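Here is the structure we will look at, set down as structure tokens.
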Amino acid sequence: MDYTESTYDSCWLCGRNGSADPLDRHHIFRGPNRDKSEKYGLVVRLCHFRCHLYGRYAVHNNADTMAALHQFGQRKAMAENGWTTEDFIREFGRNYLDLEDNNGENA
């Protein structure tokens, strides 16, 4: 999936349409950044049981999936707002991208 692609009619993780497992609306960044996720459109759809809460790779069950979602969210925010890594950190408090993903920028 392209980092700026955000299909809202299918699951971000598996691509299913929600017919067998309803899609939940999930804010990519939580806690104090939940409102910022809403403000910047950093929200995805996830299959309720399989990809959101209970599946092996569900974002609330799997640290690697959560890390991938945070990276997707950061790339999306940076692309859509013309931000650098530093701009993202100022807004969200940390960098979720690996150093090799920063295009040579210092985090």
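The values are calculated or read from the model by the stated rules, or taken from the named source; none is laboratory data. All figures in this text were calculated on a predicted structure; none of them were measured in a lab. Ideal geometry is used to build each Cβ from the backbone, glycine not excepted, and the neighbour counts take in all protein chains shown.
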Identity of the residue in the stretch 66-96, assigned to a loop (DSSP other than H, G, I, E, B) and not β-branched (V, I, T), that ends up surrounded by the fewest Cβ atoms within 10 Å (Cβ to Cβ): G82
Residue count, the stretch 7-23 (criterion: buried (at least 17 other Cβ atoms within 10 Å of the Cβ) and within 17 Å of F72 (Cβ to Cβ)): 4
Condition met for V59 (closer than 18 Å to E80 by Cβ, of a type in the set (A, V, I, L, M) and in contact (Cβ under 8 Å) with a residue 12 or more places away in the chain): no
Selection from the stretch 14-55 of residues that are within 26 Å of L97 (Cβ to Cβ) and assigned to a loop (DSSP other than H, G, I, E, B): C14, G15, I28, F29, R30, Y40, G41, L42, G55
Selection within the stretch 63-84 - touching a residue at least 12 places away in the same chain (Cβ under 8 Å) and not hydrophobic (A, V, I, L, M, F, W, C): T65, H70, Q71, G73, Q74, R75, K76, E80, N81, T84
Check on H48, modelled with pLDDT of 95 or more and in contact with a Pro (Cβ under 8 Å, 6 or more places away or on another chain): yes
Residues that are buried (at least 19 other Cβ atoms within 10 Å of the Cβ) and farther than 13 Å from E91 by Cβ, drawn from the stretch 33-60: V44, R45, L46, C47, C51, H52, G55, A58, V59
